[in-house]
1. Among the residues of the range 90-119, write down those that are touching a residue at least 40 places away in the same chain (Cβ under 8 Å) and either surrounded by fewer than 17 Cβ atoms within 10 Å (Cβ to Cβ) or in contact with a Leu (Cβ under 8 Å, 6 or more places away or on another chain) (or both).
2. I want to confirm something. Restricting to the range 18-39 and keeping residues that are among the hydrophobic types (A, V, I, L, M, F, W, C) and surrounded by 10 or more Cβ atoms within 10 Å (Cβ to Cβ), which single residue is farthest from Cys254 (Cα to Cα)?
3. Quickly run through the range 111-146 and pick out the residues that are in a helix (DSSP H, G or I) and under 20 Å from Ile89 (Cβ atoms).
4. Could you tell me whether the range 235-251 includes any residue that is at pLDDT 95 or above, closer than 26 Å to Phe33 by Cβ, crowded, with 22+ Cβ neighbours inside 10 Å and among the aliphatic types (A, V, I, L, M)?
5. Glu40 is checked against (1) of a type in the set (Asp, Glu); (2) over 19 Å from Ile122 (Cβ atoms); (3) at pLDDT below 95 and fails just one. What number does that condition carry?
6. Is at least one residue of the range 251-260 under 20 Å from Ser16 (Cα atoms) and not in a helix (DSSP H, G or I)?
7. Kindly establish whether Asp42 is surrounded by fewer than 17 Cβ atoms within 10 Å (Cβ to Cβ), among the acidic types (Asp, Glu) and free of Cβ contacts under 8 Å to residues at least 24 places away in the same chain.
8. Among the candidates Asp204, Asp179, which residue alone is over 22 Å from Gly27 (Cβ atoms) and not small (Gly, Ala, Ser)?
Amino acid sequence: MSIQSRKEEHVNLALSGKATFREKSNGFDRYEFVYNALPEIDLADVETQTEFCGMALQSPLLVTGMTGGYPDAERINKGLAEACETCGIAMGVGSMRAALEHRELESTFAVVRDVSNRVPIIANIGAAQAAVWHREGSLHSYVERAVAMTGASALAVHLNPLQELLQPEGEPRFRGVLDAIATLVRSEQIAIVVKEVGAGISGDVARRLADVGVTMIDVAGAGGTSWAGVEILRRSDAETVDHLWDVGIPTAECITQCVGIVPTIIALWRHFQRHRGGQGRCPRRPARGKCSPHT
């Protein structure tokens with residue numbers, strides 16, 4: 001299957017509602033609001049504005065990287081970019097490998113650059129592919145193209161070993177990923193965000209990332225779309241790997257493990273349409289980190 005067809009199939013399966021976690025929730029149901037009977041602030045003085053990657057946001061929200069790399073993705077990314085520009089929130093794009101290898105697909109990502117100029121855009125490359133490019137000596141040139149293509153203020157490097165393991169066309173080669181990330185942090189003049197895609201980042205992984213200089217992680221925890229589930233649905237031998245569908249660390253657990261290890265934690269809120277109350281229940285931790293939700 002071509003990479004374009006795969007990207008389209010991913011979107012269709014995600015939209016079908018058939019690829020959510022079956023038993024595992026995002027974990028926020030374990031938390032209750034801590035009611036403050038003495039707020040000492042007027043409602044009119046409450047502000048949601050913040051800053052991300054040196055740019056102002058009207059709310060601490062980020063539309064996470066979702067798609068790109070097939071014809072209809074241009075329409076989707078344009079709509080998302082217009083919404084983010086109107087609302088004053090940040091936007092990430094999906095994995096850019098397709099456009100980096102097939103220039104005719106660049107417009108499916110470049111459209112966000114044409115629409116958004118007031119909010120930060122986050123380009124996106126895969127960690128396993130970054131390791132390959134690093135070994136080949138081409139990592140910097142690919143990053144330059146990805147950033148220029150989208151007008152990005154930051155670069156996301158997505159960790160997805162579970163998805164690669166289960167994807168029929170997957171490339172489960174993960175040696176050298178941390179080395180490639182360390183090189184990006186040292187050498188690139190752009191903010192680096194390391195993210196998962198829905199299975200979560202543990203405290204141990206966050207420490208290893210922090211040790212090489214990573215300052216922003218998107219925990220992208222379990223509880224919403226299961227990308228293991230997406231790939232299992234695409235397999236002809238689905239029954240042999242079905243037990244891996246719900247693998248992942250719930251978002252709330254990721255936050256409690258990771259806050260304080262790196263300065264900025266981004267928590268994945270996209271599944272709160274099904275598990276309401278998550279934003280308000282983001283666990284409070286006595287740590288220096290900050291938790292930024294995105295949708």
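1. Here is the first cut: in the range 90-119, the residues touching a residue at least 40 places away in the same chain (Cβ under 8 Å) are 90, 92-102, 105-106, 108-110, 118-119.
Ala90, Gly92, Ala98, Ala99, Glu101, His102, Arg118, Val119 - these are the residues of the range 90-119 that are touching a residue at least 40 places away in the same chain (Cβ under 8 Å) and either surrounded by fewer than 17 Cβ atoms within 10 Å (Cβ to Cβ) or in contact with a Leu (Cβ under 8 Å, 6 or more places away or on another chain) (or both).
2. Ala19
3. Once the filter is applied, which keeps residues that are in a helix (DSSP H, G or I) and under 20 Å from Ile89 (Cβ atoms), the range 111-146 yields Val111, Val112, Arg113, Asp114, Val115.
4. Within the range 235-251, one or more residues are at pLDDT 95 or above, closer than 26 Å to Phe33 by Cβ, crowded, with 22+ Cβ neighbours inside 10 Å and among the aliphatic types (A, V, I, L, M).
5. With (1) of a type in the set (Asp, Glu); (2) over 19 Å from Ile122 (Cβ atoms); (3) at pLDDT below 95 applied to Glu40, the lone miss is (3).
6. We begin by selecting, within the range 251-260, every residue under 20 Å from Ser16 (Cα atoms); these are none.
So far as the range 251-260 goes, no, none of its residues is under 20 Å from Ser16 (Cα atoms) and not in a helix (DSSP H, G or I).
7. yes
8. Asp179
The values are calculated or read from the model by the stated rules, or taken from the named source; none is laboratory data. Being a predicted model, the structure only gives us computed values, none of them experimental. Ideal geometry is used to build each Cβ from the backbone, glycine not excepted, and the neighbour counts take in all protein chains shown.
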